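Contents: one structure, followed by commentary.
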Amino acid sequence: MSSATQPLEPASAALPGERRVLTAAERSLSGETRGLRALVPFLGPAFVAAVAYVDPGNFATNIAGGAAYGYRLLWVVLAANLMAMLVQAMSAKLGIATGMNLPEVCRLRFPQPVSRLLWLQAEVVAMATDLAEFVGAALGLNILFHIPLLPAGLITGVAAFGILTLQARGFRPLEAVITVLVGVIVVAFAFEVFLAKPSVPAVATGLLIPSFSGTESVLLAAGILGATVMPHVVYLHSALTQQRVVGNSPEAKRKIYRFEQWDVIIALGIAGFINMAMLITAAATFNARGLDGVNSLQQASQGLGHYLGHHADVFFGLGLLASGLSSSSVGTMAGQVVMQGFIQRRIPLFLRRAITMAPALVVLAVGVDASRALVLSQVVLSFGIPFALVPLLLFCRDRGLMGELVNRRVTTMAATLIVASIVALNLFLLAQISFRS
């Protein structure tokens with residue numbers, strides 16, 4: 001039989017559910033299954049990655065941006081989502097082509113001091129990520145059940161562990177739970193947009209005409225970018241695809257990658273809709289009424305309930321809680337990948353969870369403005385993006401490493417433009433803040 005009809009390497013340790021997925025994937029790659037049924041076995045990795053694109057940091061930056069500037073920053077959300085699609089497709093492709101994840105390739109290709117520095121900044125990024133996720137889930141519990149923020153943060157930690165235990169049953173149960181939680185967020189914000197009745201011409205203008213309105217809008221744009229193109233999930237996506245469905249020939253790997261591209265488009269398309277819906281809801285509910293000073297998620301929740309009615313505040317809280325729980329679990333997975341890949345060390349899951357959640361619990365305990373901390377955490381993430389994207393770009397253009405899945409020239413040019421744009425935005429932001437101070 002040809003390699004096209006025997007596309008997968010054996011997975012002797014696979015659980016029964018995983019074996020069913022691998023069998024279905026083999027049928028798809030051989031052409032025995034076509035259409036949507038052929039795509040189904042490959043759906044999942046991008047949905048897990050997409051959770052990071054609708055985490056509580058997105059809630060904070062999108063609500064703040066919509067309330068303060070109306071629909072003006074919608075183009076930033078759209079551009080960031082398109083960037084994310086390209087970046088995540090490249091990350092998935094690296095795992096498929098090499099059988100390694102991005103941190104592992106960095107360790108093998110870069111000098112040890114460089115690899116260690118990349119690991120250290122990735123850990124800082126992990127802490128900023130956990131700050132957003134834990135604070136967001138705690139705010140969701142506070143909005144829904146009026147639980148004080150510190151106990152709510154501890155409950156979030158316990159719930160995240162519960163979700164992560166699903167990994168022991170294979171990748172499908174975890175992917176299914178994550179997908180359900182994303183579905184909760186979709187329903188919540190589709191309902192919010194329906195109630196808010198936004199201006200369609202204003203939405204179109206915000207999407208198609210780029211503009212800023214002062215330094216604070218640039219700060220929010222950097223936060224939106226940091227909340228959308230998430231560094232830790234760039235590392236994670238390559239790990240999610242590296243051993244999931246493994247092709248034993250260049251032809252099989254090309255087919256796997258084509259299916260994974262659809263996974264990325266669908267999952268991040270849904271994430272993009274959610275992010276736009278957040279900003280549109282805030283613009284239509286608050287900015288249109290002259291209420292541009294909505295600076296906290298609790299305030300946003302109360303305002304949505306007051307102006308939109310129909311328990312809009314409850315739907316907001318449910319979406320925020322689903323976002324925090326799912327993204328917290330994904331963040332822990334990413335942290336394990338980062339440490340194991342860069343320095344070949346693995347620490348107990350409980351210890352990693354405790355270390356990265358510590359800054360979030362401190363924020364909750366000392367009473368720092370939680371929503372402001374969320375926005376600033378996303379700015380920190382924005383500055384971490386180049387440290388993930390530059391190595392990814394270098395590796396994906398290397399034919400010796402990637403084989404036939406090497407980036408085309410136009411892909412490399414687009415990725416280079418994305419990295420340059422992010423760095424330029426961050427440098428401009430630093431200059432503006434320094435001048436203002």
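Scanning segment 302-325 for residues that are touching an Asp or Glu at 6+ places or on another chain (Cβ under 7 Å) and without any contact (Cβ under 8 Å) to a residue 24 or more places away in the chain yields 302, 305. Residues in segment 359-393 that are over 19 Å from residue 59 (Cβ atoms), aliphatic (A, V, I, L, M) and free of Cβ contacts under 8 Å to residues at least 12 places away in the same chain were compared, and the one that is surrounded by the fewest Cβ atoms within 10 Å (Cβ to Cβ) is 366. Scanning segment 28-54 for residues that are over 17 Å from residue 175 (Cβ atoms) and either assigned to a loop (DSSP other than H, G, I, E, B) or acidic (Asp, Glu) (or both) returns 31, 32, 33, 34. Among residues of segment 246-266 that are in contact (Cβ under 8 Å) with a residue 60 or more places away in the chain, those with a beta-carbon under 7 Å from a residue that is loosely packed, with under 15 Cβ neighbours inside 10 Å and part of a helix (DSSP H, G or I) at least six positions away or on a different chain give the pairs 250/403; 250/404; 254/404.
The number of residues in segment 326-353 that are in contact (Cβ under 8 Å) with a residue 24 or more places away in the chain and either farther than 17 Å from residue 161 by Cα or not in a helix (DSSP H, G or I) (or both) comes to 7.
Considered as a group, the residues in segment 396-413 that are in contact with a Lys or Arg (Cβ under 7 Å, 6 or more places away or on another chain) and within 30 Å of residue 128 (Cβ to Cβ) include one that is surrounded by the most Cβ atoms within 10 Å (Cβ to Cβ), and that residue is 396. Taking (1) buried (at least 21 other Cβ atoms within 10 Å of the Cβ); (2) in contact with a Pro (Cβ under 8 Å, 6 or more places away or on another chain) in turn, residue 249 satisfies each apart from (1). From the list 375, 368, the lone residue that is outside any helix (DSSP H, G or I), at pLDDT below 80, of a type in the set (A, V, I, L, M, F, W, C) and closer than 30 Å to residue 143 by Cβ is 368.
Selection within segment 118-147: residues that are of a type in the set (S, T, N, Q) and more than 15 Å from the chain's Cα centre (by Cα). The member of this set that is surrounded by the fewest Cβ atoms within 10 Å (Cβ to Cβ) is 121. Checking each residue in segment 213-226 for being in contact (Cβ under 8 Å) with a residue 40 or more places away in the chain, surrounded by fewer than 21 Cβ atoms within 10 Å (Cβ to Cβ) and not aliphatic (A, V, I, L, M) picks out 213, 215, 216, 217. Every listed requirement among (1) surrounded by fewer than 16 Cβ atoms within 10 Å (Cβ to Cβ); (2) farther than 29 Å from residue 282 by Cβ; (3) free of Cβ contacts under 8 Å to residues at least 40 places away in the same chain; (4) not aromatic (Phe, Trp, Tyr) is met by residue 166 save one, (1). Just to be sure, is residue 191 of a type in the set (Phe, Trp, Tyr), at pLDDT below 85 and either assigned to a helix (DSSP H, G or I) or farther than 30 Å from residue 104 by Cα (or both)? Criteria not met by residue 191.
Conditions tested, residue by residue: (1) over 14 Å from residue 329 (Cβ atoms); (2) outside any helix (DSSP H, G or I); (3) modelled with pLDDT of 95 or more.
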{"residue": "159", "(1), (2), (3)": "no, no, no"}
{"residue": "198", "(1), (2), (3)": "yes, yes, yes"}
{"residue": "216", "(1), (2), (3)": "yes, no, no"}
{"residue": "226", "(1), (2), (3)": "yes, no, no"}
{"residue": "235", "(1), (2), (3)": "yes, no, no"}
{"residue": "239", "(1), (2), (3)": "yes, no, no"}
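Is it true that some residue in segment 61-81 is hydrophobic (A, V, I, L, M, F, W, C), surrounded by fewer than 24 Cβ atoms within 10 Å (Cβ to Cβ) and over 25 Å from residue 321 (Cα atoms)? Scanning segment 61-81, I find at least one residue that is hydrophobic (A, V, I, L, M, F, W, C), surrounded by fewer than 24 Cβ atoms within 10 Å (Cβ to Cβ) and over 25 Å from residue 321 (Cα atoms), so the answer is yes.
The single residue among 214, 183, 223, 206 that is of a type outside the set (Ser, Thr, Tyr) and either in contact with a strand residue (DSSP E or B) (Cβ under 8 Å, 6 or more places away or on another chain) or at positive phi (or both) turns out to be 214.
Filter segment 370-405 down to the residues that are charged (D, E, K, R) and within 25 Å of residue 123 (Cβ to Cβ) and list them by number.
Applying the first criterion (charged (D, E, K, R)) to segment 370-405 yields 372, 397-399, 404.
Once the filter is applied, which keeps residues that are charged (D, E, K, R) and within 25 Å of residue 123 (Cβ to Cβ), segment 370-405 yields only 372.
The values are calculated or read from the model by the stated rules, or taken from the named source; none is laboratory data. Given the structure is predicted, the values throughout are model-derived calculations rather than measurements. Using ideal geometry, Cβ is built from the backbone for each residue, glycine included, and neighbour counts are taken over all protein chains shown.
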